[in-house]
Amino acid sequence: MQINSNNYIQYSSYQPHFTSCSRDVYDLVGKLVHRNDTSFFRRDMDWNKFTHYLADKSDIYCLASSSGDEVYTVIMKLIEKFGDDAKRFYPIKAYDKDPHIIKMANEGYLPMYDCDEDIINNCTNDKFNEYFEKISEDDIPEYLKKMDIVYDFMAKVKPILRDKVIFSVADATEQCKSINSDKAVVLARNFWPYLKDESQMIKFANDLYKNLGKNSAVVIGDYDALCSNAAKNLHDAGFVANTELFTVFEKLKLPETNTILKYYY
Ligand SMILES: C[S@@+](CC[C@H](N)C(=O)[O-])C[C@H]1O[C@@H](n2cnc3c(N)ncnc32)[C@H](O)[C@@H]1O
């Protein structure tokens, strides 16, 4: 299904492999508004290289977190690679404009498919049970059962992960204006095609560039790269694509003004 402008690849031709939270949200006339689809260790990122990239960064923001799989993926990798040295990243700030999904994330519930357990075990040296606890149908709150999410089992996120992230309801296009730290990494992944139109995407990219401090970066996903002009919008705003991680766009440190003047004269 096409979400936005006719310039983009048809949504139906974009068929990634999702696990975990799978939920479509429609408006009152039955039009698709957005999907909460997300995955642990989503395959559009080299998570080992990305964790290595985080070594000289200081803050992590996630602007369209859905149920939290993406931030939990990052935290599991941070624990593995940096141990206690990863403390500076916590709490990670995660936002989504969907209040239902944020309520679920805040309460630490995670709908999962059976393959999620395998994926997490494969990527963490069998630590699924350290991070998550499967719960029975009887322990699932009524509001969650009514949310129309497809899953094999429901899990609760254990404090070792849950306590390292704060989830809040916010629109990414507004929230990006209050991120002003240096060395920040902003996950703005797999939601650009849900923005209203091209001009909103251009404004979002420009606002990110204007507000992020130096040596910060914005990360997009394959849905954004394939079904929107996110990469071009970020490039036009001033970001430079990282040469190893092509979905990472950096706000590079600019030379001091007097260096530019010296060169010019
Ligand atoms: C397909 S999921 C992507 C989740 C995750 N970032 C990932 O890459 O797996 C898209 C999410 O973006 C959220 N979303 C859509 N438009 C948004 C906006 N303007 N601000 C914040 N969240 C938004 C939706 O509610 C949904 O949960």
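Values quoted throughout were computed directly from the atomic coordinates according to the rules given, and no laboratory measurement underlies them. Quick caveat, the model's predicted, so the values are computed rather than measured. Backbone-built Cβ (ideal geometry, glycine too); neighbour counts: all protein chains shown.
What to note about this one:
- Set Lys158/Lys214; Lys93/Lys203; Lys77/Lys203; Lys134/Lys177; Lys87/Lys156 screened for pairs whose C-alpha atoms are more than 27 Å apart: Lys158/Lys214; Lys77/Lys203; Lys134/Lys177
- Range of Cα positions in the chain per principal axis (Å), largest first: 74, 48, 28
- Take the Cβ atoms of Lys210 and Asn242, set R0 to 22 Å, and the FRET efficiency comes out at 0.60.
- 16 Å Cα-Cα reach of Lys196 towards lysines, excluding residues that sit fewer than 8 places from it in its own chain: Lys31, Lys97
- Relative to the Cα centre, the charge distribution of the stretch 174-224, modelled as +1 at Lys and Arg Cβ and -1 at Asp and Glu Cβ, gives a dipole magnitude of about 220 debye.
- Note on the stretch 11-264: dipole from Cβ charges, positive end direction compared against Ile179, Leu63, Tyr131; the farthest Cα belongs to Ile179.
- Charged side chains reduced to their Cβ positions (Lys and Arg at +1, Asp and Glu at -1) give the chain a dipole of some 1040 debye around its Cα centre.
- Mean residue ellipticity (222 nm) of the chain, computed from DSSP H runs ≥ 4 via -39,500 (n - 2.57), nearest 500: -9000 deg cm²/dmol
- DSSP beta bridge pairing in the chain, given as percent antiparallel to the nearest 5: 60 percent
- Residues in the stretch 150-183 that a label on Lys127 would reach, taking backbone N under 15 Å of a point 7 Å out along Cα→Cβ: 158-165
- Full-stretch length increase - Val25, Ser136 - with 0.36 nm per residue and alpha-carbon distance subtracted: 37.4 nm
- Between Lys196 and His235, residue separation times 0.36 nm minus the direct Cα-Cα distance comes to 12.1 nm.
- Charged-residue dipole, Cβ positions (Lys, Arg, Asp, Glu), the stretch 204-248 about Cα centre, Debye nearest 20: 180 debye
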